[in-house]
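Here's the structure we're looking at; comments come further down.
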Amino acid sequence: MQKILIGNEYPKNVIELIKQAKNKIDIVIFDWRWYFHDIGCSIQQFNQALFSASERGVKVNVIVNTDQVSKFIRDSKINIKRLATSKLVHVKLSLFDEKIAVLGSHNFTKNAFESNYEMSMITDDREAVARCQQFFNTLFF
């Protein structure tokens, strides 16, 4: 399976992957935001789907760029790590059960989900997913 996600196609498709995840979701993300005043927006639906996944027993591991994200998810079961490096973490990658990878330009922001020109891809190509998983593991562990 290969699927290109353009603009606001991203949240609907990725939220569905989150809901289908059984064991593990691994994420590397440059920018991730919360909009508590707008709980109906697509990014808040995405955020709630991740929280729900972690609550139902899916292990959610996230690598972020700043400590700002930590304060929003500190009371959740989501494992978060900020890399101790001078390099910028600019990657936008999500892995689902080590079988599906989503990578592209979408940050986890309202603008990326609703108004920017963005493009990402979903793949279940075993070699591509394995390489992405190896990249994640190198950074997280």
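Each residue, Ala84 and Met119, gets one label point 7 Å from its Cα in the Cβ direction; the gap between the two is 4.0 nm.
Average the reciprocal distances over every distinct pair of alpha-carbons in the chain, invert the result, and give the Kirkwood radius in Å.
Averaging 1/r across every pair of different Cα atoms and inverting gives 15.0 Å.
With the charge dipole of the stretch 2-140 set up from +1 on Lys and Arg Cβ and -1 on Asp and Glu Cβ about the Cα centre, the Cα lying farthest toward the positive end among the listed residues Ile100, Ser42, Pro11 is that of Ile100.
Can you compute the helix-only [θ] at 222 nm over the chain? Use -39500 (n - 2.57) per DSSP H run of at least 4 residues, normalise by all residues, nearest 500 deg cm²/dmol.
Working: 5 runs with 52 residues, N = 141.
Calculated at 222 nm, the ellipticity per residue is -11000 deg cm²/dmol.
Mean separation of Cα pairs under 8 Å and 6 or more residues apart, divided by the residue count, gives the chain a relative contact order of 34 percent. Name the residues of the stretch 41-79 whose amide N is less than 19 Å from a point 7 angstrom out from the Cα of Lys99 along the C-beta direction? Flagged as within label range: 50, 53-54, 56-61.
Thr109 sits among other residues whose Cβ lies under 13 Å from its own Cβ, and their net charge, with Lys and Arg +1 and Asp and Glu -1, is -1.
Working out 0.36 nm times the residue gap between Glu55 and Ser76, then minus their Cα-Cα distance, what length gain in nm do you get to one decimal?
Difference between extended and current length: 6.8 nm.
Rule-based calculations on the coordinates, nothing more; no lab input. Remember, predicted model here, so these are calculated numbers, not experimental data. We place every Cβ from the backbone using ideal geometry, glycine too, and count neighbours over all the protein chains shown.
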